[in-house]
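Heads up: the structure comes next, in structure tokens.
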Amino acid sequence: MASNPASSIPFLLSVILILVVGTNAGGIAIYWGQNGNEGTLAETCATGNYAFVNIAFLPTFGNGQNPQINLAGHCDPTTNGCTRFSSEIQSCQSSGIKVMLSIGGGAGSYSLSSTDDARQVATYLWNNFLGGQSSSRPLGAAVLDGIDFDIEGGTTQHWDELARFLSEYSKQGKKVYLTAAPQCPFPDAYMGAALNTGLFDYVWVQFYNNPPCQYSSGNLVNYWNQWTTSIPATNFFLGLPASPNAAGSGFIPAADLTSKVLPAIKGSAKYGGVMLWSKYYDDQTGYSSSIKSSV
């Protein structure tokens with residue numbers, strides 16, 4: 001059948017549009033675990049709003065300490081109460097959602113004292129949350145997709161070694177994803193060396209509680225471009241508070257985010273989406289629902 005060149009033009013334009021939109025489509029990452037009133041993990045995943053869920057936090061580890069998970073009012077790890085989330089984790093994963101364990105946090109007792117310490121922490125994480133074996137897995141038998149580095153204190157050394165040791169476990173079968181939540185001032189004070197390893201799959205940069213580089217300063221896009229062009233990670237997410245009450249500063253109204261900010265950063269080949277702190281605050285505002293179609 002002979003083709004009609006004129007009629008082909010709209011079709012080609014639609015294909016190009018689909019390709020352009022497809023390459024810029026992103027997802028939403030959410031932090032869950034620090035407020036007992038934010039619903040269950042299963043309910044979080046059932047919203048359909050999130051592509052990643054970071055279980056927060058493992059705030060105590062390293063330097064000879066006994067690692068301890070803290071999920072606020074959700075469960076009591078000292079009585080194995082958090083193992084009930086195993087089936088919920090698996091339910092999330094069956095829906096295509098990646099579930100990570102976030103280590104560190106803004107308030108915790110964590111540090112790495114040496115290369116050997118980094119190796120021991122990696123071994124603990126592998127055996128207790130990833131594909132290894134342990135009789136005391138805090139979240140039960142479920143195998144998490146990876147580890148999120150939310151390092152905001154402690155020492156600045158050996159995080160790159162922890163990333164390398166964890167990455168090595170990917171050779172044993174299931175890939176161990178590595179994600180990170182650095183502060184937006186560049187380079188990150190704690191994770192600069194780790195991020196330069198090129199081992200991180202997703203980096204959600206915290207563009208909040210840091211006035212010089214957040215939206216209100218007018219410098220957000222400049223810092224975004226510096227992050228995405230300087231760090232060899234696969235995808236970058238714009239980290240934001242899900243409500244004005246979720247952080248000291250940095251909240252962006254949904255209308256401004258969708259009409260001004262996202263159009264300015266989605267052209268990046270490494271754009272991955274938006275990260276929100278946290279599920280509790282997102283429940284209060286419906287922020288993820290209001291931005292999802294634009295992310």
Check your understanding: For the range 116-219, which semi-axes, largest first and in whole Å, follow from the square roots of 5 times the eigenvalues of its Cα gyration tensor?
Key -> 29, 14, 12
**Study point:** Compactness of the range 139-295 - radius of gyration and Dmax, Cα, Å
**Key:** 15.8, 46
Check your understanding: For the chain, what mean projected area does the convex hull of the alpha carbons give, in nm²?
Key -> 17.7 nm²
Review point. Using the Cα atoms of the range 184-252 to build a convex hull, what is its mean projected area in square nanometres?
Key: 4.4 nm²
Review point. At a 1.4 Å probe, what is the % contribution of carbon and sulfur to the accessible area of the chain?
Key: 52 percent
Review point. Counting Lys and Arg as +1 and Asp and Glu as -1, each charge on the Cβ, what is the dipole of the chain about the Cα centre in debye, to the nearest 20?
Key: 600 debye
Review point. Per 10 Å bin, what percent of the C-alpha pairs of the range 133-172 does each bin hold, from zero upward?
Key: 22, 42, 34, 2
Check your understanding: What fraction, in whole percent, of alpha-carbon pairs in the range 214-295 exceed 18 Å separation?
Key -> 39 percent
Exercise for review: Choose one of 290, 155, 183: the residue whose Cα lies farthest towards the positive end of the charge dipole of the chain (beta-carbon charges +1 Lys, Arg; -1 Asp, Glu; about the Cα centre).
Suggested key: 290
Review point. Using the C-alpha gyration tensor of the range 171-219, what are the square roots of 5 times its eigenvalues, in whole angstrom, with the largest one first?
Key: 27, 11, 7
Check your understanding: Picking from 214, 50, 80, whose Cα lies most toward the positive end of the charge dipole for the chain (charges on Cβ: Lys, Arg +1; Asp, Glu -1)?
Key -> 50
Point to revise | Partners for residue 266 among lysines (Cα-Cα distance below 24 Å; same-chain residues under 8 apart left out) | key: 98, 279, 292
Review point. Over its Cα atoms, what ratio of radius of gyration to 2.2 N^0.38 Å does the range 23-169 give?
Key: 1.02
Review point. Measuring with a 1.4 Å probe in the full set of protein chains, what accessible area per residue, in whole Å², belongs to the chain?
Key: 43 Å²
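The values are calculated or read from the model by the stated rules, or taken from the named source; none is laboratory data. Fair warning: this is a prediction, and the values are worked out from it, not measured in the lab. Every residue, glycine as well, gets a Cβ built from its backbone with ideal geometry; the counts of neighbours run over all protein chains shown. The protein model used for the area step is the full one, side chains on, heavy atoms only, and it has no ligands, DNA or RNA in it. Shrake-Rupley method; radii C 1.70, N 1.55, O 1.52, S 1.80 Å.
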